[in-house]
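Working notes, beginning with the structure itself.
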Amino acid sequence: MDQNSATYEGQKMYDPKGWWDTYVFSQDHKVIALQYVCVALAIGLTGMFLSLLMRMQLGFPGLFESIDAGSYYQDVTMHGMIMVIYLLTALFLGGFGNYLIPLMLGCRDMAFPFVNMLSFWMYFLSVIILVASFFVESGPTGAGWTLYPPQSILEGTPGGDGAGIILMLASLAVFIIAFTMGGLNYITTVLQSRAKGMTLMRMPLIIWCIFLATFLGLLAFPALLVGAIMLIFDRVLETSFFMPEIFKGGEVLDYGGGSPVLFQHLFWFFGHPEVYIIALPAFGIISELISVHARKNIFGYNMMVWALIAIAGIAFIVWAHHMYVAGMNPYLGFFFATTTLIIAVPTAIKVYNWVLTLWNANIKMTVPMLYCLAFLVTFLNGGLTGLFLGNVAVDVPLSDTYFVVGHFHMVMAVSPVLALYGGLYHWYPSVTGRMLNDTLGKIHFWITFIGTYLIYFPMHYIGFLGVPRRYYSNEQYDFIPQSVADLNQFITVCALIVGAAQFILLYNFVVSLYKGAIAPKNPWGACTLEWQTLESPPGHGNWGEQLPVVYRWPYEYGLPGATSDFVPQNVPDEQIT
Amino acid sequence: MAFVIVTAIIVIGTVLWNFVSPWWFSPLASNWGFLDTTILISLVITGIAFVLISAFILYCVVKFPYREGNKSEYEPENPALELKLTIITTIGVIALLAPGLYAWKLYVELPVDALEVEGVGQQWVWSYRFPGEDGVYGNTSGRLFSSKNTFGLDPDDPYGQDDILIRGGEVHLPINNKVVFQLRSKDVLHDFYVPQFRAKMDLVPGQQSNLWFEPTVLGTYEVACAEYCGTGHYAMRGVVVVDTEEDFKTWLAGQPTFAETMNEGANGEQIVQTLGCVACHSIDGSDGIGPTWRDTYGTNRALASGETVVVDDDYIKTSIVNPMSQIAEGYAPVMPAYATLSEEELTAIGDYIKTLSE
């Protein structure tokens with residue numbers, strides 16, 4: 001990394017002085033991105049471990065005596081919250097966003113490097129608070145990741161009467177502060193710091209996706225923040241925002257007049273856009289990868305951008321499709337079912353344009369491409385089952401069954417993770433200057449792709465049967481046959497294998513850092529700017545003396561008349577050979 | 001090529017699975033067969049989309065593999081094709097949405113001539129109330145709940161005196177009769193769900209929600225709570241028995257009215273049913289969230305603290321009033337304290353537990 005104090009374009013760069021400034025309290029967006037990735041992957045591994053504990057109980061009930069009902073629900077809750085917020089949101093926006101926005105837009109760093117650094121450390125603090133809840137008496141909250149009151153702040157739910165729920169809510173509040181600092185940075189950088197020639201409609205789709213996801217986050221997270229603060233008040237100060245008259249443990253509690261459904265509205269006003277906060281960056285990664293590795297221009301760029309904007313807009317008026325049977329005014333169902341199914345149209349357009357990009361292409365089956373194609377199949381599957389659950393009356397028999405578990409894991413767990421892995425394999429050479437091992441990558445891919453499908457696909461069918469989700473044990477119920485227990489065993493075995501396979505990825509990451517083949521400067525032959533830097537990996541300030549100038553859109557593959565099958569964004573017409 | 005073969009197997013397997021799956025809708029026992037139809041419509045339409053798009057992907061992968069020196073076709077836009085696809089998708093979405101909205105209209109419009117039942121949820125038992133001979137429910141209030149007045153009924157309301165109270169989790173319904181459930185909760189969220197009836201609705205404390213269906217098959221069905229409600233969620237099992245009209249009337253006549261329950265003395269069995277103790281403490285010897293009560297009176301109990309105590313009247317009373325002080329070994333410290341029970345009620349519970357060891 002360039003250690004010299006540098007002045008570019010009349011502005012002094014942030015100037016790291018020594019190891020701490022360069023690697024720990026760094027203001028360089030690339031270092032901050034890596035910090036986000038490492039912390040997110042570490043807490044994500046914890047989340048995966050918790051899911052395996054859950055699976056052990058479901059597959060082999062009673063085998064581990066330490067997994068009692070209380071700790072099972074704690075595992076469920078922390079698994080969900082960690083994966084959605086602390087892994088995927090942080091990794092996509094904090095990790096990919098930080099790394100790619102300045103590099104792809106041709107600027108030297110984020111608009112506010114110091115705030116960017118604070119954003120990471122606030123995120124780190126939120127993770128610490130979250131993890132701390134494992135070590136308090138009565139443990140972390142077991143309220144389910146939706147944290148619905150009244151149960152989330154009452155005894156009878158693990159951590160409800162202890163510090164668990166308070167730490168959870170405090171951690172979320174800190175996370176939202178971190179997100180806001182990062183988010184304002186991403187928005188400002190995209191709007192203000194683009195290289196000459198980089199018009200909005202020449203931005204790579206992943207930047208559009210991260211930009212819009214950030215926008216969603218900045219508008220949606222405040223709803224969660226106020227919900228969390230009001231819930232802390234209800235718990236600590238005994239206000240009654242969400243608490244009606246309650247009779248519990250043989251006595252009437254000191255609450256009255258509040259509405260539990262109000263919290264659900266606040267939660268899902270955040271919660272549904274949150275789905276897209278995760279999905280949009282995944283869409284972005286796929287848009288990049290599919291074009292680069294199929295050596296073909298992305299199909300229908302304009303339509304893709306407008307579809308993204310439509311999705312981001314409609315994402316704010318579909319939230320109550322999580323609440324069809326929650327006791328809200330039932331006539332709202334007509335409205336929310338209609339908006340929810342409308343959002344399927346722009347989403348379908350995204351899928352069509354990805355698959356049409358493959359038409360008459362020149363498809364390289366690299367590891368990133370495998371992840372890309374697997375994403376398409378999985379996302380298609382998970383997206384289509386969303387049409388069941390969004391469609392109000394169809395949701396009634398399926399709501400809160402394993403169909404829901406199957407659906408949302410397909411669409412917002414497996415799909416984004418496949419995109420994430422594709423992205424990690426794709427940009428690893430840019431970050432480290434070395435290639436990942438291909439064979440290990442393929443082994444990891446096959447186990448993950450097939451394994452996750454085997455885990456989540458059958459869940460839809462026990463959902464048809466009516467097996468409710470969030471059950472510690474099914475043994476009491478006569479309508480649930482023995483075959484469900486057998487299936488649970490099978491799923492647990494698959495989950496253990498898939499879980500173990502993730503260590504192949506970690507191993508590959510660590511070993512390739514030292515032993516991986518040295519990566520050429522632009523190993524995939526991509527048009528976007530992050531591969532066109534002076535040094536590879538890019539140094540501090542990214543571009544040396546001269547900022548790049550952009551002459552074309554980011555998907556110039558197969559341009560007629562050019563000898564090469566791609567033309568980078570910063571190559572002017574007269575230099576095309 | 002491996003990708004094409006494996007993915008083809010996955011896609012074909014996904015479709016075929018619908019014909020061979022050992023798990024499918026549980027046998028229908030209500031009027032809501034149309035909900036099953038909407039699921040089938042959705043399966044067909046989404047299935048077609050899934051197969052067509054997947055097949056297109058696989059075709060492309062086979063047909064356009066990378067060849068050194070080859071170049072892909074340069075086609076950034078094709079507005080006509082994009083418009084066509086958008087229209088087809090919109091038609092598919094309308095075909096899904098129309099039956100869904102129609103079914104929802106049926107679902108939310110409550111029939112007027114129906115039998116009325118109130119369903120009440122609490123951690124972790126179900127109870128029910130019928131309006132009684134006058135056909136009118138008595139007023140309730142969240143402030144009036146007590147271990148005796150478990151429905152929070154206003155004792156001064158004349159309409160409430162004849163309300164019939166079903167405590168203990170088993171309710172009977174007459175066959176081929178529309179039933180409207182008015183649902184409320186005493187403590188946290190719950191969800192009344194009988195898989196064979198398809199219908200489902202949350203119970204929310206502080207407000208009322210509604211649900212209606214018409215049982216069409218005689219039999220006994222399980223109620224499973226479908227909204228997470230705390231540690232005992234999975235154990236919140238109830239039973240609905242669908243009877244003939246006559247059997248139903250006989251059963252209903254045998255149930256106590258509100259006035260009768262208020263005049264009862266302390267009855268241990270009744271108290272543990274209404275407080276929901278039995279959701280965690282079985283009376284048949286099976287293990288649950290807490291230790292069973294069967295054959296436990298007078299035995300030694302190892303505590304999490306390492307001590308050993310004898311299960312006697314004192315231990316039982318302390319465990320109810322201050323459960324955290326004496327957690328049994330091997331069980332989670334999750335039991336709520338029942339600090340407001342009277343001495344008479346505590347003794348009655350102890351006496352009842354004693355009878356389970358005889």
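When a 1.4 Å probe is rolled over the protein heavy atoms, the share of accessible surface on segment A:293-371 that falls to carbon and sulfur comes to 77 percent.
Neighbouring Cβ atoms from other chains, within 10 Å of the Cβ of residues in B:195-204, number 6 on average. Label separation (B:Arg143 vs A:Phe135): 4.7 nm, computed from points 7 Å beyond Cα along the C-beta direction. Placing dummy labels 7 Å off each Cα toward the beta-carbon, the span from B:Ala304 to B:Thr90 is 6.0 nm.
Compute accessible area for segment B:92-119 by itself and then with all protein chains, 1.4 Å probe, and report residues whose area falls by 10 Å² or more. Buried-area filter returns B:Val93, B:Leu96, B:Leu97, B:Gly100, B:Leu101, B:Trp104, B:Lys105, B:Tyr107, B:Val108, B:Glu109.
Treating each Cα of segment B:105-263 as one equal point scatterer and applying the Debye formula with no solvent, the log10 of I(q)/I(0) at q = 0.12, 0.17, 0.20 Å⁻¹ comes out as -0.48, -1.02, -1.43.
Ignoring lysines fewer than eight residues from B:Lys354 along the same chain, the ones with Cα atoms less than 20 angstrom from its Cα are B:Lys317.
Accessible surface for the protein assembly as shown, divided over its residues, is 35 Å² per residue with a 1.4 Å probe.
Taking 7 Å steps out from each Cα toward its Cβ at A:Ala42 and B:Leu218 produces label points 6.6 nm apart.
Please find the FRET efficiency linking B:Gln326 to B:Ala2, where r is the Cβ-Cβ separation and R0 is fixed at 51 Å, and quote it to the nearest 0.05. Computed FRET efficiency for B:Gln326 and B:Ala2 comes out at 0.25. Could you state the angle between the C-alpha long axis of helix A:332-342 and the longest principal axis of the C-alpha atoms of chain A, as a value from 0 to 90 degrees rounded to the nearest 10? On a 0 to 90 degree scale, this one is about 30. Using a 1.4 Å probe over the heavy atoms of the protein chains, calculate the carbon and sulfur portion of the accessible area of chain B as a whole percent. Solvent-exposed carbon and sulfur of chain B make up 59 percent of the total.
For chain A, the longest principal axis of the Cα atoms and the long axis of helix A:482-515 meet at an angle of about 30 degrees. How many angstrom lie between the C-alpha centres of segment B:196-270 and segment B:160-192? Cα centres, segment B:196-270 to segment B:160-192: 5 Å. Carbon-plus-sulfur accessible fraction, segment A:146-280 (probe radius 1.4 Å, protein heavy atoms only): 68%.
Excluding residues on the same chain fewer than 8 positions from A:Lys442, give the lysines whose Cα lies under 25 Å from its Cα. Partners found: A:Lys296, A:Lys364, A:Lys515, A:Lys521, B:Lys63. Shielding by partners for peptide A:293-305, expressed as the average number of C-beta atoms from other protein chains within 10 Å of each residue's C-beta, is 4. Chain A and chain B together bury an accessible surface of about 10100 square angstrom, both sides counted, with a 1.4 Å probe and no ligands or nucleic acids included. Coupling constants for segment A:63-69 follow from the phi torsions by the Karplus curve (6.51 cos²θ - 1.76 cosθ + 1.60, θ = phi - 60°), and in residue order they are 5, 9, 5, 6, 8, 8, 4 Hz; glycine and proline get x. Listed by chain and number, the lysines placed with their C-alpha closer than 21 angstrom to that of A:Lys196 are A:Lys12; residues fewer than eight positions away on the same chain are left out. Taking the longest Cα principal axis of chain A as reference, the axis of helix A:29-59 is set at about 30 degrees.
Helix-only arithmetic for the protein assembly as shown: the sum of -39500 (n - 2.57) across DSSP H runs with n ≥ 4, divided by the residue total, places the mean residue ellipticity at 222 nm at -16000 deg cm²/dmol.
The values are calculated or read from the model by the stated rules, or taken from the named source; none is laboratory data. This one's a predicted model, so the numbers in the text were calculated from it and none came from an experiment. Heads up, the Cβs are rebuilt from the backbone with ideal geometry, glycines too, and the neighbour counts pull from every protein chain shown. Heavy atoms of the whole protein, side chains included, go into the accessibility calculation; ligands, DNA and RNA do not. Shrake-Rupley method; radii C 1.70, N 1.55, O 1.52, S 1.80 Å.
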